[in-house]
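Only one structure is covered here, and it is reproduced in the block below.
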Amino acid sequence: MAEMREAKVFVTRELPSAALDPLAEVATVRVWPGELPPPPDVLLAEAADADALLTLLTDRIDAAIMAAAPRLRVISNMAVGHDNIDMQEASRRAILVTNTPGILTETTADFAFALLLAAARRVVEADRYTRQGRWQTWGPQILLGQDVHDATLGLVGLGRVGLEVAKRGRGFGMRVLYHDAIRRLKEERRYGLAYVELEQLLAESDFVSLHVPLTAETHHLIGERELSLMKPTAVLINTARGAAVDQRALWRFLKERRIAAAAIDVSEQEPIAPDEPLLALENIIITPHIASASVATRLGMAKMAVDNLLAALRGQVPPHCVNREVVRRWRRALPG
Ligand code: GLV
């Protein structure tokens with residue numbers, strides 16, 4: 001990689017040229033042209049002589065791909081989450097992994113709040129009702145939802161996105177509870193947030209919103225037991241990762257109206273299967289993993305992913321490296 005012009009980069013989806021052009025100036029860039037992710041065999045073949053990969057969260061970068069890619073030195077993921085990459089294997093091989101934090105925080109929080117409002121006030125269901133020609137009168141009992149103002153918002157995870165959702169909640173006059181592995185005393189004081197144990201959060205919140213990365217600890221963090229602690233009027237919002245929720249248990253609780261509603265932007269299986277039972281329920285909103293999908297944010301993410309990659313190609317530690325502990329070994333392995 002010392003000879004930058006010879007570096008080969010595989011980009012797994014077309015990105016705006018404003019983001020990719022700087023990369024094309026210093027490396028041989030191959031871009032997968034499909035709208036769907038490259039199939040595993042293509043990914044494997046392309047990775048085989050790549051120095052760098054620019055990936056999306058839909059690309060599973062596992063040990064087999066890394067084993068087939070002897071020159072691979074950096075994987076730049078255009079997402080803040082990096083659970084699509086076998087991090088242990090990347091670190092073992094001294095491959096740097098980078099992500100795109102910060103840039104998508106507010107956009108994602110806006111969307112989480114959009115889901116919260118939409119589920120509370122049954123916006124999507126009401127739209128369906130209108131289009132189906134069911135609007136026959138103004139009815140005192142028709143499509144009644146939950147108030148958001150003055151309600152209690154419970155945030156599971158108070159990282160960047162969680163904090164922004166907390167601020168939005170406070171702006172709506174909500175009481176905001178949070179649970180996290182780390183207490184954030186300064187933010188508690190500044191924004192008037194209350195730290196509670198998960199059980200209390202689930203029992204007291206009218207809206208529970210998830211903001212945790214997907215790890216072994218957060219897999220099915222919300223399952224049967226947790227859902228059973230929630231109020232029958234409560235709404236669950238998930239813009240984090242699908243597998244943070246046990247989807248089968250969620251289906252049961254929604255179907256039996258043991259919680260009122262859910263709004264999820266992520267699913268255990270993505271894309272969601274057409275026969276997924278959740279799709280048959282009225283009291284859930286399901287969007288196709290678009291929380292960060294604003295024009296400005298997606299361009300910003302693409303540029304950030306390219307900047308991370310460019311830094312690594314120059315032999316510099318990328319600004320958003322998630323496995324910094326391997327930097328020393330990574331430097332030693334650089335050619336030249
Ligand atoms: C989106 O889910 C991301 O991790 O950026």
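Just so you know, all these numbers are worked out from the coordinates, no wet-lab data involved. Computed from a predicted model, the values in this text were never measured in an experiment. When we count neighbours, we look across all protein chains shown, and the Cβ atoms used for this are built from the backbone with ideal geometry, even at glycine.
Brief remarks on what is shown
- Shape category assigned to the chain from the gyration tensor of Cα positions, a/c cut at 1.5: prolate
- Neighbour-count order for Met301, Met87, fewest beta carbons within 10 angstrom listed first: Met87, Met301
- For the stretch 16-60 and the stretch 180-257, distance of Cα centres in Å: 35
- Net charge, His211 excluded, C-beta distance under 14 Å - Lys, Arg +1, Asp, Glu -1: -1
- Derived scalar couplings ³J(HN,Hα) [the stretch 269-283; Karplus, 6.51 cos²θ - 1.76 cosθ + 1.60; whole Hz; x for Gly, Pro]: 10, 10, x, 5, 5, x, 9, 4, x, 4, 5, 8, 8, 7, 8
- Fewest-first sequence of Trp330, Trp135 by Cβ atoms within 10 Å of each Cβ: Trp135, Trp330
- Potential extension, Gln200-Arg328 segment - 0.36 nm per residue separation minus Cα distance: 41.7 nm
- Packing-based ranking, highest mean first, of 50-57, 219-226, 268-275 given that Cβ atoms within 10 Å are counted: 50-57, 219-226, 268-275
- Three-way shape call for the stretch 164-319 based on the alpha-carbon gyration tensor, with the a/c threshold at 1.5: oblate
- Between Val295, Val123, Val235, the residue with the greatest mean-square fluctuation in the GNM of the chain (Cα pairs under 10 Å linked by springs) is Val295.
- Computed over the chain, the per-residue total of -39500 (n - 2.57) for DSSP H runs of n ≥ 4 gives a 222 nm mean residue ellipticity of -10000 deg cm²/dmol, rounded to 500.
- Placing pseudo-labels 7 Å out from each Cα toward the beta carbon at Asp150 and Lys167 gives an inter-label distance of 2.7 nm.
- Relative contact order of the chain, defined on C-alpha pairs under 8 angstrom at six or more residues apart (%): 20
- Each label was represented as a point 7 Å from its Cα along the Cα-to-Cβ direction; for Ala67 and Ala126 these points are 5.5 nm apart.
- Estimated from the Cβ-Cβ distance and a Förster radius of 41 angstrom, the FRET efficiency linking Ser17 and Glu89 is about 0.80.
- Net charge contributed by nearby residues that have their C-beta within less than 12 Å of Asn84 (K/R +1, D/E -1): -3
- The relative contact order of the stretch 105-286, computed from alpha carbon pairs under 8 Å that lie at least 6 residues apart in sequence, is 20 percent.
- Prolate/oblate/rounded label for the stretch 48-188 (Cα gyration tensor, a/c 1.5): oblate
- Ordering of 245-255, 72-82, 176-186, 160-170 by packing is 72-82, 160-170, 245-255, 176-186, highest average first (other Cβ atoms within 10 Å, averaged per residue).
- Distance between the pseudo-spin-label points of Ala45 and Arg225 (7 Å out from Cα toward the beta carbon): 4.8 nm.
- Restricting attention to the chain, lysine pairs at least eight places apart or on different chains and with alpha-carbon atoms under 30 angstrom apart total 6.
- Each Cα pair under 8 Å and six or more residues apart adds its separation to the average, and for the stretch 69-124 the resulting relative contact order is 34 percent.
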